[in-house]
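Some notes on the structure that comes next.
Values in this text are rule-based calculations from the coordinates and carry no lab data. Values in this document were obtained by computation on a predicted structure and should not be read as measured data. Glycine gets a Cβ as well: all are built from the backbone with ideal geometry, and neighbour counts include every protein chain shown.
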Amino acid sequence: MISSAGLLNAETNPTEDTHQQKQTDEPQKYAMPTNNVSSHILDIAAGRPAEGVKCTAYKWKVSEQRSEKNVTGDEHGEEGGNWELWGQTETNEQGRIAIVHPGKALSEGIFKLHFRTKEYFEGQKRNTFYPFIEIVFQIDDPTAHYHVPITLSNFGYSTYKGQ
C-alpha cells in the first residue's frame, strides 16, 4: 500500500521512483485467471525443477447410454464413458504449467493429467520405474483454482492438492 508520504514525495520529485507503487501495479498487469488447473513438478533426485515434462489433460465424458455403474463396478471405466482430450502442454524451465487446459473453460467433472516422465528421464540420461504418471481428480467448483504439484524422482513420486 502506498502511504500519503510516498505519494507526496513522488508528486514533489517526479524523478523519484517509488518501489511500492510498482509492486502495487505489477500484479494487475499480469494476473492469471483464478479458475484454472495448474501444475508444478520438482525433480527431487536432481534438486531442481523438472523442465520439459509433457502433460496431456483429459476430461471424463460420460456415455449417454451409461448405467449407474459399468460391468466392473467402476463408474469411470470404458463402458461408462471415455476420456476426452482437454489440453496438451509441457513444464517450463521452472517446472511449472500455468494452465493445463489452454483455451478451455473450467467446468465440473472428473479430470486426468498424464505426465510423460520416461521421456524426461531419458533426456536426463537416467532410468525410471514410472514411464508416465496419471493423476485423476474431481472438480466440483469451476470458479476455483486447482493446483496439482508433483515431487518426482526416477523411482517414486508424490502429489497432493495444492493452492
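Below are the figures for this structure:
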item	result
Residues of the stretch 86-108 satisfying the condition of being touching a Phe, Trp or Tyr at 6+ places or on another chain (Cβ under 6 Å) and outside any loop (DSSP other than H, G, I, E, B)	86
Check on residue 133, crowded, with 16+ Cβ neighbours inside 10 Å and touching a His at 6+ places or on another chain (Cβ under 9 Å)	yes
Among residues of the stretch 112-163, those that are of a type in the set (A, V, I, L, M, F, W, C), within 19 Å of the chain's Cα centre (by Cα) and in a loop (DSSP other than H, G, I, E, B), counted	2
